[in-house]
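See structure below.
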């Protein structure tokens with residue numbers, strides 16, 4: 001085997017014991033979980049905003065951003081549930097480049113997976129303890145989910161992972177909503193199959209155990225656009241796209257049909273300012289068509305303190321070092337605009 005077994009990492013139970021949550025934090029998580037699930041099962045008309053940086057790069061600006069979300073959440077709490085993005089693993093198409101806080105808790109230093117595990121748990125823990133937010137993260141490595149399983153409100157399975165069996169089976173054993181993105185090629189049947197797998201129970205191997213999952217009725221779709229055969233971005237958030245997804249759901253027989261619309265990635269062609277227009281179009285379409293209103297549960301938006309992006313090693317506090325994001329002033333205005341329309 002052409003790899004070096006460098007260091008045995010602690011199991012999740014050990015890390016949770018060393019960096020625990022309090023009873024009060026656990027109670028907040030339970031309350032948030034029920035409130036979010038109520039949106040997906042149709043018992044709540046509130047709208048979800050899964051919003052935050054493309055990747056969580058440094059603790060201080062991420063928590064500053066979340067503190068601002070906390071203030072605006074209070075203003076829109078009757079209509080919107082904000083789920084901050086704390087994305088700590090970054091998928092890389094070629095495997096090169098910054099892979100997220102899990103790999104590099106300091107982007108300017110060499111990878112250190114143990115420090116990364118501690119750093120991401122502490123960041124998610126601070127969001128809950130200090131601001132009352134359980135947050136979203138991407139399930140890039142299914143076996144790592146349990147390091148954060150007592151903290152997360154929402155999990156996304158990315159476009160490159162949605163066909164992977166272990167992602168699907170692990171999602172079937174989670175008790176929080178899991179969003180399955182359409183693959184990079186855009187075939188929504190792949191996404192529907194992934195949701196179907198996640199909604200059913202399975203027996204499989206997980207972290208060296210034979211486990212049985214009960215199925216996750218809150219597994220759902222995320223439309224994020226795709227690349228055509230020529231490598232050109234194609235969007236799939238429009239009125240007709242959502243109705244096609246509604247038809248696919250009806251044919252599949254899946255429970256709790258739901259979709260979150262990702263306003264960036266190939267839907268925007270990574271033109272981050274387009275997220276404002278896309279978000280408004282999706283909300284307007286919900287007002288026009290009851291089927292779309294019932295199906296579209298929220299938006300996923302990439303936003304940070306400062307507009308745009310910078311390279312790793314940049315010195316702008318709160319500007320993305322991966323994909324470009326909306327800055328705070330535009331973000332605040334957009335959240336209030338969405339709330340006014342709901």
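Label separation (residue 316 vs residue 229): 3.9 nm, computed from points 7 Å beyond Cα along the C-beta direction. Note on the range 16-341: Kirkwood radius taken over Cα pairs, Stokes-Einstein applied at 10 °C and 1.306 mPa s, translational D equal to 81 µm² s⁻¹.
Peptide packing: for 279-289, 84-94, 151-161, the average count of neighbouring Cβ atoms within 10 Å per residue gives the ranking 151-161, 84-94, 279-289, highest mean first. By the count of neighbouring beta-carbon atoms within 10 Å, fewest first, 180, 139 end up ordered 139, 180. Most fluctuating residue of 275, 13, 104 in a GNM of the chain with Cα springs under 10 Å: which is it? Judging by the Gaussian network model, the answer is 13.
Placing pseudo-labels 7 Å out from each Cα toward the beta carbon at residue 211 and residue 26 gives an inter-label distance of 1.9 nm.
At q = 0.13, 0.17 Å⁻¹, what is the log10 ratio I(q)/I(0) for the range 1-87, with the Debye formula run over Cα points and no solvent? For the requested q values the scattering log ratios are -0.64, -0.94.
Since every read-out is calculated from the coordinates, none of them should be taken as a lab result. This is a predicted model, so every value here is computed, not measured. Positions of Cβ are backbone-derived with ideal geometry, glycine not excepted, and every protein chain shown enters the neighbour counts.
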